[in-house]
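Peer 1: Dumping the structure here so I can ask a few things about it.
Read the figures in this text as sums done on the coordinates, not as results from a lab. This one's a predicted model, so the numbers in the text were calculated from it and none came from an experiment. Methodologically, a virtual Cβ is constructed for each residue, glycine included, from the backbone with ideal geometry; neighbour enumeration extends over all protein chains shown.
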Amino acid sequence: MLPAMVKKPRIVIVGPGRLGSALTLELKQAGYRISEIISRKSPASRREGAALARKVKARASTCDNPHLDADIVWFCVPDREIAAAARQLALVIDWKKKIAFHSSGALLSDELDSLRRRGAAVASVHPLMTFVYGSVPSLSGVHFAVEGDTAAVDAARRIVRDLRGEVFTIPKQHKAAYHAWGAFASPLLVATLVTAEQVARKAGLSAAESRKKMLPIVRQTVANYELLGPAGAFSGPIVRGDAEIVRKHLQVLKKIPEARNVYRALARVALRHLPVRNRAKLKEALEL
C-alpha cells in the first residue's frame, strides 16, 4: 500500500509586486494552492492584485478585508512595510498553528514578531534572485536564505525543494552582509554596466550601441567566471601587468570622474584578490 501523500499547504501572498507576482506563479506551477492575494488599497495595487489573483484562481482582497484562510501567509511587501503589514493583520485571525514568511534579504524574521506573539511560527525566506517588471525568472536552481523559527524554516525547506531551489540558513548577525553580497551580484553589477556605457560615449557610441556591442563580452565573462572561477576569467591589461595602458585609461577617465573612481576601486580589488603581473608598477599607476 502506498503511503498517504502529504497535502501541500495553502498560501496567501501579501503584496502582488515584482517578487510577489513571480513567487505566486512559481508556487502555482509547483502545485500549491494560492488562496488569496492581498494588495494595498490604492487603485493601481488593487488592479495588480486582481490580475494576479485571476491568473491563479485566488481571491483578491486588501489589508482592510483579508480572509487569511491559509496555512502560510507570505509577506512580499517592501522592507519598510513588513512590520506594519504584520501588525495590521495580527488581530484578524488566530495565528496559532499558522506560519508566516517575509522575503526581505536584509531584515530579520523578527519583523514578524507581532504574529509570533500571536502564536505563528515565522521566518525570513529570501531568494537570491533579481525581480524586475517585464521579466519572471524561474526559481529552479535559485538559492534561498532562510532564518527563523524551526517549524517555519522546515516548511520553507519543503516549499523551496518543490520550487526546485536550494536552501541555506543565514545567521541573524550575517543578514546585512548577505544582502550586501546580493547587491554586488545584481544591482551594482548593473551600475557597473551603466558606468561602462558612460565610458563608451567618450568613444563615440550611444548607450544603446554600447549595450548591444558589449553584451557578448559580458555574457562570455560571466560564463568564464562560472566555468573557470575568478582567476581564470580575469583578462586585460591588469592581469598582464601593463601599467602604461592603465595610465592611459586613467588619463581619459579624468573626463568622467565617477567612472575613474569606479575603475580605480575595482582595479585595487584586482591587485589584492586576483593574479596579476607587475603589481608594484600597477599600484603606482593607480595612485596617479
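Peer 1: Which FRET efficiency value, to the nearest 0.05, is calculated for Asn65 and Arg158 with the Förster distance at 35 angstrom and r the Cβ-Cβ distance?
Peer 2: Result of the calculation: an efficiency of 0.70.
Peer 1: Now a separate question. For Lys28 and Asn261 in the same chain, what is the full-extension length gain: residue separation times 0.36 nm, less their Cα-Cα distance, in nm?
Peer 2: Taking 0.36 nm per residue and subtracting the Cα distance, the gain is 79.3 nm.
Peer 1: Which value, in debye to the nearest 20, describes the size of the charge dipole of segment 8-152 about its Cα centre when Lys and Arg Cβ atoms bear +1, Asp and Glu Cβ atoms bear -1, and nothing else is charged?
Peer 2: 580 debye
Peer 1: Label Ile245 and Ala180 with points 7 Å out from Cα along Cα→Cβ: what is the distance between them in nm?
Peer 2: The answer from the label model is 3.2 nm.
Peer 1: Tell me which of Ile159, Val12, Ala208 sits at the most positive position along the dipole axis of the chain, charges placed on C-beta atoms (Lys, Arg +1; Asp, Glu -1).
Peer 2: Ala208
Peer 1: Using a cut-off of 13 Å between beta-carbons, work out the net charge of the residues near Met214 (Lys and Arg +1, Asp and Glu -1, Met214 not included).
Peer 2: +3
Peer 1: Residues of segment 247-280 with the amide nitrogen closer than 14 Å to a label point 7 Å from the Cα of Thr221, along Cα-to-Cβ, please.
Peer 2: Flagged as within label range: 262-270.
Peer 1: A further question on this structure: Let me know the charge dipole size of the chain about its Cα centre in debye, to the nearest 20, where only the beta-carbon of Lys, Arg (+1) and Asp, Glu (-1) is charged.
Peer 2: That gives the chain a dipole magnitude of about 580 debye.
Peer 1: Still on this structure, please answer the following. Taking a spot 7 Å from the Cα of Val194 along the direction of its beta carbon, which residues of segment 112-145 have an amide N less than 16 Å from it?
Peer 2: Under 16 Å, as judged by backbone N against the label point of Val194, lie 131-133 of segment 112-145.
Peer 1: Long-range amide H contacts for Val125: which residues qualify at under 5 Å (H placed 1.01 Å from N, peptide plane, sequence gap of 5 or more or a different chain)?
Peer 2: His102, Ser103, Ser104
Peer 1: Taking other Cβ within 10 Å of each residue's Cβ, how do Phe131, Phe184, Phe101 sort, fewest first? Intermediate values should be presented prior to the final figure.
Peer 2: Details: Phe131 18, Phe184 11, Phe101 27.
With the fewest neighbours first, Phe131, Phe184, Phe101 line up as Phe184, Phe131, Phe101.
Peer 1: I've got another one for you. Select from Pro187, Ala231, Ile245 the residue farthest towards the positive end of the dipole of segment 186-286; place +1 on Cβ of Lys and Arg, -1 on Cβ of Asp and Glu, and compute about the Cα centre.
Peer 2: With unit charges placed on the Cβ atoms, the residue in question is Ile245.
Peer 1: Highest first, please rank the peptides 10-18, 22-30 by the mean number of other Cβ atoms sitting within 10 Å of their residues.
Peer 2: Taking the mean over residues of other Cβ atoms within 10 Å, the ranking is 10-18, 22-30.
Peer 1: Would you mind checking the tilt of helix 175-185 against the longest principal axis of the Cα atoms of the chain, expressed as 0 to 90 degrees and rounded to 10?
Peer 2: Taking the Cα atoms of the chain, the angle to 175-185 is about 50 degrees.
Peer 1: Give, in nm to one decimal, the length gained when the segment between Leu228 and Arg47 is fully stretched (0.36 nm per residue of separation minus the Cα-Cα distance).
Peer 2: Details: separation 181, 0.36 × 181 = 65.16 nm, distance 4.62 nm.
Extra length from Leu228 to Arg47 when fully extended: 60.5 nm.
Peer 1: Excluding Phe234 itself, calculate the net charge of residues whose Cβ lies under 13 Å from the Cβ of Phe234, where each Lys or Arg counts +1 and each Asp or Glu counts -1.
Peer 2: +3
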